[in-house]
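To keep things clear, I will list the structure first and then write my remarks on it.
The values are calculated or read from the model by the stated rules, or taken from the named source; none is laboratory data. Computed from a prediction, not measured in an experiment: that's the story for all the values here. Note that we place each Cβ from the backbone using ideal geometry, even for glycine, and neighbour counts take in every protein chain shown. When the accessible area is computed, the model is the full protein with side chains, heavy atoms only, and any ligands, DNA or RNA have been set aside. Shrake-Rupley method; radii C 1.70, N 1.55, O 1.52, S 1.80 Å.
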Amino acid sequence: MAEMERKLQRTETKRASPARESDAALLARCAQLSARYLDRQALPASVRWVPPMRTRWASCTPADRTIRVSDRLQNVPAWVLDYVLVHELAHLRVAAHNAEFWELVRRYPKTERAIGYLEGLSAAAGWGISELDED
């Protein structure tokens, strides 16, 4: 059992995003994701890790183009963090969770998988987080 845990930890570390290292790394990753999935039309002024949010994984304030990401996500696989960042970047183009917004978010190919991962993580930890952000 201990060996399986060590292997799982090594695998998860390899899958973790380099963006977890600093706010600057988060901002750089957002630029990459915006270029890849959002036609470079969603660039934040700042992105930063914040202490755990009670009801959200991350949030965006389109008025000042800032994104805050819960530090609970620092150890999730890179593809999960990328989904969260794409979700928040999409808010820089569309504030509401409407069809246009979800069309942008779903350009990220692992959207549904990442949502399921986050739901499972929240349920397993008893955090009660069901949304990335609220309008």
### Query
For the stretch 12-92, what mean projected area does the convex hull of the alpha carbons give, in nm²?
4.8
### Query
HN-Hα J couplings of the stretch 65-70 from phi, Karplus 6.51/-1.76/1.60, θ = phi - 60°, integer Hz, Gly and Pro as x?
6, 10, 10, 10, 10, 4
### Task
Can you pull the one-decimal nm distance between simple spin-label points at TYR117 and SER22, each 7 Å off the Cα toward Cβ?
2.4
### Query
Can you give the accessible area of THR55 in Å² (nearest 10), computed on protein heavy atoms with a 1.4 Å probe?
70
### Query
With every protein chain present, what is the per residue accessible area of the stretch 37-107 (1.4 Å probe, Å²)?
44
### Query
Any idea how far the Cα center of the stretch 21-57 sits from the one of the stretch 58-119, in Å?
9
### Full-extension gain in nm, TRP102 to LEU43, via 0.36 nm per residue minus C-alpha separation
19.5 nm
### Summary
Over its alpha-carbon atoms, the stretch 83-135 yields an Rg and a Dmax in Å of 11.5, 33
